[in-house]
1. Yes or no: the range 117-127 includes at least one residue that is surrounded by fewer than 21 Cβ atoms within 10 Å (Cβ to Cβ) and either out of contact with any strand residue (DSSP E or B) (no Cβ under 8 Å at 6 or more places or on another chain) or in the same structural domain as Ala197 (by the TED database) (or both).
2. For the range 333-353, how many residues are more than 13 Å from Ala157 (Cβ to Cβ) and among the hydroxyl-bearing types (Ser, Thr, Tyr)?
3. Can you list the helices (runs of 4 or more DSSP H) lying wholly within the range 157-240 that have 2 or more residues being open to solvent by less than 20 Å² (accessible area, probe 1.4 Å) and among the hydrophobic types (A, V, I, L, M, F, W, C)?
4. Pull up the range 310-323, narrow it to residues that are open to solvent by 30 Å² or more (accessible area, probe 1.4 Å) and part of a helix (DSSP H, G or I), then point me to the one that is farthest from Asn163 (Cα to Cα).
5. Kindly check whether there is at least one residue in the range 67-85 that is assigned to a helix (DSSP H, G or I), without any contact (Cβ under 8 Å) to a residue 60 or more places away in the chain and of a type in the set (A, V, I, L, M).
6. Could you figure out which of (1) farther than 24 Å from Glu358 by Cα; (2) aromatic (Phe, Trp, Tyr); (3) in contact (Cβ under 8 Å) with a residue 60 or more places away in the chain isn't true of Phe103?
7. Could you tell me which numbered condition Arg326 fails, if it satisfies all but one of (1) open to solvent by less than 60 Å² (accessible area, probe 1.4 Å); (2) modelled with pLDDT of 95 or more?
Amino acid sequence: MAKEGVEKAEETEQMIEKEAGKEPAEGGGGGSHRLGDAQEMRAVVLAGFGGLNKLRVTRKAMPEPQDGELKIRVKACGLNFLDLMVRQGNIDNPPKTPLVPGFECSGIVEALGDSVKGFEIGDRVMAFVNYNAWAEVVCTPVDFVYKIPEDMSFSEAAAFPMNFVTAYMMLFEVANLREGMSVLVHSAGGGVGQAVAQLCSTVPNVTVFGTASTFKHEAIKDSVTHLFDRNADYVQEVKRISAEGVDIVLDCLCGDNTGKGLSLLKPLGTYILYGSSNMVTGETKSFFSFAKSWWQVEKVNPIKLYEENKVIAGFSLLNLLFKQGRAGLIRGVVDKLIGLYNQKKVKPVVDSLWALEEVKEAMQRIHDRGNIGKLILDVEKTPTPLMANDSTETSEAGEEEEDHEGDGENKERMPFIQ
């Protein structure tokens with residue numbers, strides 16, 4: 001059942017191409033290429049940990065679904081700050097390279113592995129993937145795949161899982177957000193920050209304090225109650241408005257923001273760490289930045305937490321899914337979130353669309369904190385001529401050619417802005 005047969009596969013590929021508004025290619029090849037009996041696909045490959053020059057778009061063998069898996073023809077992939085940290089090797093227990101990055105995607109079901117139920121070929125879906133998402137085709141267990149509403153675009157669907165599930169879990173499952181409470185969220189202009197703001201608006205009388213770069217303020221000012229510059233003394237600003245502080249702090253920065261966040265908590269308040277972007281300063285991993293961030297983290301005294309009635313917590317969605325076996329819990333959350341989407345109460349904010357070959361430029365944008373909402377890799381987008389040879393550096397023999405750092409400096413990069 002894992003291989004649906006040549007006729008069924010060709011029929012599915014033609015349907016996928018029709019969905020994309022393209023004429024079916026001869027032989028139903030779609031975006032894939034056949035070499036003998038083997039089918040290949042385009043994929044972003046991280047050759048080793050380090051800078052942008054470690055990324056390549058090349059051709060790889062197309063995967064086939066194993067027992068309990070779905071094969072998805074990818075339309076769009078989400079790009080998260082975590083992907084940048086993976087590229088640098090700036091995470092605990094990094095995987096071996098080379099690897100295909102990416103943890104979330106959207107697309108069309110192309111084949112079903114044995115024992116898969118509840119899905120059919122042609123279903124429009126979004127999915128979590130334990131790496132390998134940045135490719136034309138992925139296979140992932142059925143437990144991590146969700147059908148998407150008919151009016152949700154593939155770019156919206158790729159922007160949905162990581163951001164909105166993370167925001168929902170922190171607000172409602174960990175911090176127990178209720179009417180009249182207050183929330184401080186860092187990076188309010190990012191994908192998670194915007195998801196937090198939208199979900200807070202579904203609860204009456206919730207006050208949202210946000211920090212963001214000044215140039216983002218005009219675009220996001222209506223989504224938060226009080227907005228501060230990310231470099232300002234936000235502790236004093238918050239206390240000037242709310243002397244007691246806030247009920248919930250959502251921190252993706254770490255470093256000295258941990259102590260500041262704890263100091264802002266009201267009694268029975270909850271501080272949640274869900275990232276450590278302060279460790280990323282340059283293009284490659286910096287031991288100095290890591291050490292500085294670690295040194296600035298306030299050492300937590302449990303007795304002090306007890307005396308002040310404060311809660312400190314951490315949240316990692318991918319660990320919850322892939323290491324701790326909570327796929328059932330996450331599916332219930334996704335169902336609730338899709339319900340909110342159908343009620344027009346939440347909607348993913350997409351910053352820009354990039355071709356796979358433009359992955360370096362996309363990563364630079366998120367490194368520079370230039371995005372408002374989510375960056376999306378659009379698998380079907382044609383790269384600009386300037387970028388066409390920038391990330392795709394595969395010789396005719398299939399070997400990667402050396403990338404010369406600095407060759408692309410001073411070139412104008414023009415993504416498709418939503």
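The values are calculated or read from the model by the stated rules, or taken from the named source; none is laboratory data. Please read these numbers as outputs of a predicted model, since none were measured by experiment. Reconstructed Cβ throughout: ideal geometry from the backbone, glycine too, with neighbour counts over all protein chains shown. All accessible areas refer to the heavy atoms of the entire protein, side chains included, with ligands and DNA or RNA removed. Shrake-Rupley method; radii C 1.70, N 1.55, O 1.52, S 1.80 Å.
1. Within the range 117-127, one or more residues are surrounded by fewer than 21 Cβ atoms within 10 Å (Cβ to Cβ) and either out of contact with any strand residue (DSSP E or B) (no Cβ under 8 Å at 6 or more places or on another chain) or in the same structural domain as Ala197 (by the TED database) (or both).
2. Residues that pass the stated criteria total 1.
3. Values: elements: 161-168, 191-200, 217-220.
Hits in the range 157-240: 161-168, 191-200.
4. Top of the filtered list is Phe322.
5. No, the range 67-85 contains no residue that is assigned to a helix (DSSP H, G or I), without any contact (Cβ under 8 Å) to a residue 60 or more places away in the chain and of a type in the set (A, V, I, L, M).
6. (1)
7. The single condition Arg326 does not satisfy is (1).
A quick yes/no check of all residues on (1) crowded, with 17+ Cβ neighbours inside 10 Å; (2) modelled with pLDDT of 90 or more; (3) part of a helix (DSSP H, G or I):
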position: Gln39; (1), (2), (3): yes, yes, no
position: Ala43; (1), (2), (3): yes, yes, no
position: Ile91; (1), (2), (3): no, no, no
position: Lys96; (1), (2), (3): no, yes, no
position: Ser106; (1), (2), (3): yes, yes, no
